[in-house]
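The values are calculated or read from the model by the stated rules, or taken from the named source; none is laboratory data. Note that this is a predicted model, so its numbers are computed, not measured. Virtual Cβ from ideal backbone geometry, glycine too; neighbours counted across all protein chains shown. Heads up: the accessible areas ignore ligands, DNA and RNA and are worked out on the full protein's heavy atoms, side chains in. Shrake-Rupley method; radii C 1.70, N 1.55, O 1.52, S 1.80 Å.
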Amino acid sequence: MKHFLTLFAATALMSCSLPAASQPWPSKPVTVIVPYLAGGGVDPVARLVSQQLALRWKQPVVVDNRAGASGTIGANAVARATPDGTTILMSATAEVVINEHFMKKMPYAPDKDLQPVTLLVRLPFALVTQPSKPYTDMAGLLAYARQHPGAVSYASSGSGTPQHLGGVLVEQLAGVSLLHVPFKGVAQAMTDLLSGQVDIGFAGLPTALQQIEAGKLRALGVSSKAVVEAAPSIPPISLTPSLEKFELIQWFGVFVPAKTPAPVVQQIQRDVAAVLAMPEVRDTLLRQGALPSGMPTAEFEGFVRSEREKFRKIVQSAKIEQ
């Protein structure tokens, strides 16, 4: 009888735990943290993807913009979150592979505290200028910069950002001297580019194309090696003599806190990849100049490591410090 009661209790305990164990993930709302202001950069992509994830997961997926400190405030919030997959980072490049090379102190270690999940999109930049400036292409820009060392100013959304490093690469490869003008965000940099207060600047294609099509900015080149489908008339910067090795691609990725269970990481990757493959999502991104991915996690982990090393070399060779 005692044996029977023990067996009955164990069976009852198992039966009570089965619904929880078999409950699909996620079983509660998911927060997607975007470490930048709403409306620009990674934010539109995050909202487009999150909307579709909410339908797949049958749970609210809330986009939470936590801007500041070159993306590190939002990234740190994810790094310190409970590792159950319900707090997700949709990042730009800076906070996961660049900042660590020049910031003297970061509140998290990107390589230890954040688990890469998948690549969202690759997003080339356009190097743009105000139409009244005396150069119409990259060759003309370089000729002018060589004749006027340090006179051509270029805008960025802050020191160490991809826009800054794009200018550094032009200087290093072409042997010219430019004047870096850092701003506290993309919006401020774009305002001064449009007014001509700053001469040139790298802008994400979705933002740049709006101004180019309106005739307010002129494109000098795109930062990818290949012509971009959304902007076939803009030549790659690498076609310019002395800039053959130029390539700088902004990318957005999905990360979760370290120690998030592998099955959860795998499901997020599969579902994000499925959303990015949806024709309406893919077409929307391509029209904006973004190249959707959905890369498998193991491949993305290797990609992140290689990007971290690439930017380390650029930052150190330029001696960029906070």
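Using only Cα atoms, locate the centre of region 198-274 and the centre of region 20-85, then give the distance between them in Å, rounded to an integer.
The two parts, judged by their Cα centres, are 21 Å apart.
Going down the list LYS104/LYS245; LYS105/LYS319; LYS105/LYS310, which pairs span over 25 Å between their C-alpha atoms? Don't jump to the answer; show the numbers that get you there.
Numbers: LYS104/LYS245 30 Å; LYS105/LYS319 16 Å; LYS105/LYS310 20 Å.
Distance filter (> 25 Å) returns LYS104/LYS245.
Consider the candidate values (i) 22.3, 69; (ii) 22.8, 98; (iii) 21.4, 66; state which one is Rg and Dmax of the Cα atoms in Å computed from the structure displayed.
Read-out from the structure maps to (ii).
In a Gaussian network model over the chain where Cα atoms closer than 10 Å are linked, find which of SER156, SER195, SER224 has the largest mean-square fluctuation.
Residue with maximal mean-square fluctuation among SER156, SER195, SER224: SER195.
Taking only protein heavy atoms and a 1.4 Å probe, what accessible area per residue, in Å², does the chain have with all protein chains in place?
Values: 14920 Å² over 322 residues.
For the chain, the solvent-accessible area averages 46 Å² per residue.
Expressed in nm to one decimal, what extension gain is obtained for the pair ALA151 and LYS225 from 0.36 nm per residue of sequence separation less their Cα-Cα distance? Before the final figure, lay out the partial values.
Numbers: separation 74, 0.36 × 74 = 26.64 nm, distance 2.73 nm.
Answer, rounded to one decimal: 23.9 nm.
Set the Förster distance to 25 Å, then compute FRET efficiency between LYS184 and TYR144 from the Cβ-Cβ distance, nearest 0.05. Could you put the intermediate results ahead of the total?
Working: r = 28 Å, r/R0 = 1.12.
Plugging the Cβ-Cβ distance into 1/(1 + (r/R0)^6) gives 0.35.
Probe radius 1.4 Å, ligands and nucleic acids ignored: give me the carbon and sulfur share of the accessible area of region 195-303 as a rounded percent.
Numbers: 2510 of 4710 Å².
C and S fraction of accessible area: 53 percent.
Which pairs break 29 Å Cα to Cα here: LYS28/LYS259; LYS58/LYS259; LYS58/LYS225?
Distance filter (> 29 Å) returns LYS58/LYS225.
Quick check: pseudo-label points 7 Å beyond the Cα along Cα→Cβ at SER306 and GLN197, how many nm apart are they?
If labels sit at SER306 and GLN197, their model points lie 4.0 nm apart.
Ignoring ligands, DNA and RNA, please state the percent of accessible area on region 71-144 from carbon and sulfur, probe 1.4 Å. Present the calculation step by step, with values, prior to reporting the outcome.
Working: 1160 of 2380 Å².
Of all accessible area on region 71-144, carbon and sulfur atoms account for 49 percent.
Using only Cα atoms and rounding to the nearest 10 degrees, what angle (0 to 90) does helix 162-174 make with the longest principal axis of the chain?
So the inclination is approximately 40 degrees.
Would you list, by chain and number, the lysines whose Cα falls below 23 Å from the Cα of LYS216, excluding same-chain residues fewer than 8 positions away?
LYS133, LYS184
Against the longest principal axis of the chain, how steep is helix 297-318, in degrees 0 to 90 to the nearest 10, with axes from Cα atoms?
Rounded to the nearest ten degrees, it is 40.
Length gain on complete extension for the stretch SER132 to LYS319, per 0.36 nm per residue less the alpha carbon to alpha carbon distance? If you can, show how the numbers build up before the last one.
Numbers: separation 187, 0.36 × 187 = 67.32 nm, distance 3.29 nm.
That pair, SER132 and LYS319, stretches by 64.0 nm at full extension.
For region 275-322 and region 103-133, write down the distance between their C-alpha centroids in whole Å.
For region 275-322 versus region 103-133, the Cα centre distance is 8 Å.
Treating the Cα atoms of region 184-275 as identical point scatterers in vacuum, please give the log10 of the normalised Debye intensity I(q)/I(0) at q = 0.12, 0.16, 0.24 Å⁻¹, two decimals.
Debye output, listed in q order: -0.57, -0.81, -1.20.
Quick one: what are the phi-derived ³J(HN,Hα) couplings along region 187-196, Karplus 6.51/-1.76/1.60 with θ = phi - 60°, whole Hz, x for glycine and proline?
Here the 3J(HN,Hα) series is 4, 5, 4, 5, 4, 6, 5, 5, 7, x Hz.
For region 91-154, list log₁₀ I(q)/I(0) at each q in 0.15 Å⁻¹, using the Debye formula over Cα point scatterers of equal strength and ignoring solvent, two decimals each.
With no solvent term, the Cα-only Debye profile gives -0.73.
With runs of 4+ DSSP H residues as the only contributors, calculate the mean residue ellipticity of the chain at 222 nm using -39,500 (n - 2.57) per run, divided by the residue total and rounded to the nearest 500.
Numbers: 11 runs with 137 residues, N = 322.
Theoretical 222 nm ellipticity from helices: -13500 deg cm²/dmol.
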